[in-house]
1. Could you go through the range A:258-270 and let me know if any residue there is closer than 30 Å to residue A:198 by Cα, within 19 Å of the chain's Cα centre (by Cα) and at pLDDT 95 or above.
2. Quick check: is even one residue across the range B:10-24 in contact (Cβ under 8 Å) with a residue 40 or more places away in the chain, at negative phi and among the polar types (S, T, N, Q)?
3. Sort out which residues of the range A:4-51 are among the β-branched types (Val, Ile, Thr) and over 18 Å from the mean Cα position of the chain (by Cα), and write them in order of number.
4. Considering A:366, A:319, A:308, which residue is touching a residue at least 60 places away in the same chain (Cβ under 8 Å), β-branched (Val, Ile, Thr) and more than 14 Å from chain B (Cβ to nearest Cβ)?
5. Of all residues in the range A:155-197, which are assigned to a helix (DSSP H, G or I), in contact with a Cys (Cβ under 8 Å, 6 or more places away or on another chain) and closer than 28 Å to residue A:137 by Cα?
6. For residues in the range B:30-47 being within 10 Å of the chain's Cα centre (by Cα) and touching a residue at least 24 places away in the same chain (Cβ under 8 Å), which is nearest to the other protein chains (Cβ to nearest Cβ)?
7. Taking the criterion of being modelled with pLDDT under 95, surrounded by 15 or more Cβ atoms within 10 Å (Cβ to Cβ), under 25 Å from the mean Cα position of the chain (by Cα) and not acidic (Asp, Glu), would at least one residue in the range A:183-195 satisfy it?
8. Looking at A:68, A:36, can you tell me which residue is of a type outside the set (Ser, Thr, Tyr), touching a strand residue (DSSP E or B) at 6+ places or on another chain (Cβ under 9 Å) and free of Cβ contacts under 8 Å to residues at least 60 places away in the same chain?
Amino acid sequence: MRSITIVGASLAGLRSAETLRSDGFDGEITIIGAEDRLPYDRPPLSKAVLEGTRAPEETTLRDQEQFDAIGAKWQLGTKATFLDAANRRVHLDSGEQVSFDGLVIATGASPRHLPLTAELEGIHVLRTLDDCVAIGKELQASPRVVVIGAGFIGLEVASTCRKRGLEVTVIEALPKPLARVLGDEMGDACAGLHLDQGVDLRCGTGVERLEGTTRVEALVLGDGTRLEADLVVVGVGVSPATDWLEGSGIELNNGVVCDATCATNIPGVVAAGDVARWYNPRFGESMRLEHWTNAVEQGMAAARRLLVSDEEAEPFAPVPYFWSDQYSTKIQFVGRSAPGDDVRVAHGSVEDNQFVALYGRAGKLVGALSFSRPRQLMDFRRMVENNADFEDALKHAASL
Amino acid sequence: MKLVVDFNKCSSHGVCMGVAPELFEVRDDNFLYILQEEPPEEMRPKAESAAAVCPTGAISIEG
């Protein structure tokens with residue numbers, strides 16, 4: 001393999017490039033990025049950067065010297081528009097074509113927009129540094145903020161805006177925040193954090209329409225309520241960025257379909273990060289994760305996959321991990337939850353916002369959630385990794 | 001090999017402790033402690049994994 005192209009210049013792409021070098025690949029590396037920036041860290045965008053306690057440029061993932069040390073050709077501010085798998089070329093929106101022997105697909109995901117947001121000003125999504133700076137600018141005018149969607153991004157934005165003393169309403173179509181990820185009971189615990197801080201949280205209702213002439217002025221909810229708003233942040237999830245792969249012959253199914261080793265159906269083409277749907281043998285299911293840690297680990301795994309033969313390839317079988325900082329609470333989750341899991345608060349108390357809850361399925365521990373109990377949580381990460389019995393995990397929690 | 005943690009960046013996720021419990025520990029005070037500042041060479045892969053997955057990029061390895 002002489003040349004490897006990485007499409008996507010964020011965390012997964014960066015870790016792929018670094019791993020190729022650390023594993024001895026000395027051929028040509030080309031990194032294509034849609035944003036005109038070197039890789040930066042996204043988690044602080046909804047937190048410290050939006051709060052104004054960290055400068056936007058302090059999110060860079062490496063200093064210039066470290067970027068240079070990778071020895072890659074960076075093509076930033078340019079989008080991939082098509083993958084010509086037969087001729088092993090990536091087409092760019094500049095009209096250029098980049099040929100490759102090996103390809104890492106790490107294009108991430110794009111935020112979903114509401115169908116009704118039309119052309120009104122004052123409505124934002126938060127994915128990129130530019131999005132963050134644009135919202136930050138508007139926050140200076142002390143707007144009344146409405147967040148649509150009580151997922152992690154929406155709730156972090158709500159938390160940050162409350163820290164800045166702004167009036168915040170959160171609207172969620174489902175009955176509870178984060179219920180799909182954490183389950184109903186833990187969704188309540190999350191709701192509690194926000195209610196305690198004075199957020200107007202409205203669950204189980206959608207947005208019917210937006211009002212305003214040039215700029216958003218109000219929202220009308222499904223139940224008829226009219227809410228005045230100066231700034232709307234939409235956090236209703238993301239879709240894997242696979243448009244450019246349509247018609248390429250690569251298998252797509254809400255993401256780029258990969259086997260357990262991060263390889264796609266096209267030889268020499270791998271995928272990593274938010275865009276990749278791969279089979280995780282540890283959980284016996286195909287999954288697509290939008291977490292920071294997965295971008296790191298899968299970026300590394302996908303790069304290694306390109307450098308080994310099919311026989312040498314190892315499965316990528318991580319225990320998923322994600323976190324969210326809301327007010328002074330650090331929410332952390334390890335493992336994999338599903339509706340119907342047996343969820344038990346096994347250590348600490350929900351009232352104090354300091355606890356560990358365990359998730360059991362078919363007698364096994366499959367996940368653990370912590371509110372500000374990082375030390376205790378990591379014990380359960382190891383237990384999930386070792387496929388521990390749920391009863392043993394509960395016993396361990398009782399002994400903490 | 002020397003482990004260095006930038007405590008201005010560390011926010012006690014404890015992920016390092018999940019990967020390398022021999023080297024890192026978050027204690028009940030929710031602060032991170034380095035258990036072996038200069039671990040033996042055979043611990044390098046684990047130390048590197050811990051540094052790689054640190055959500056705040058607080059861990060570096062010198063030497």
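The values are calculated or read from the model by the stated rules, or taken from the named source; none is laboratory data. Keep in mind that this is a model prediction, so the values were computed, not measured. FYI the Cβ positions are ideal-geometry reconstructions off the backbone, even for glycines, and counts take in every protein chain you see.
1. Initially, the range A:258-270 is screened for residues closer than 30 Å to residue A:198 by Cα, giving none.
No: the range A:258-270 contains no residue that is closer than 30 Å to residue A:198 by Cα, within 19 Å of the chain's Cα centre (by Cα) and at pLDDT 95 or above.
2. Yes: one or more hits.
3. Across the range A:4-51, the qualifying residues are A:4, A:5, A:6, A:19, A:29, A:30, A:31, A:32.
4. Matching residue, one of A:366, A:319, A:308: A:366.
5. First, the residues of the range A:155-197 that are assigned to a helix (DSSP H, G or I): A:155-163, A:179-182, A:184-196.
If we keep only those that are in contact with a Cys (Cβ under 8 Å, 6 or more places away or on another chain) as well, we get A:155, A:182, A:191.
Listed by number, the residues that qualify are A:155, A:191.
6. The qualifying residue nearest to the other protein chains (Cβ to nearest Cβ) is B:32.
7. yes
8. Selected residue: A:36, the only one of A:68, A:36 that is of a type outside the set (Ser, Thr, Tyr), touching a strand residue (DSSP E or B) at 6+ places or on another chain (Cβ under 9 Å) and free of Cβ contacts under 8 Å to residues at least 60 places away in the same chain.
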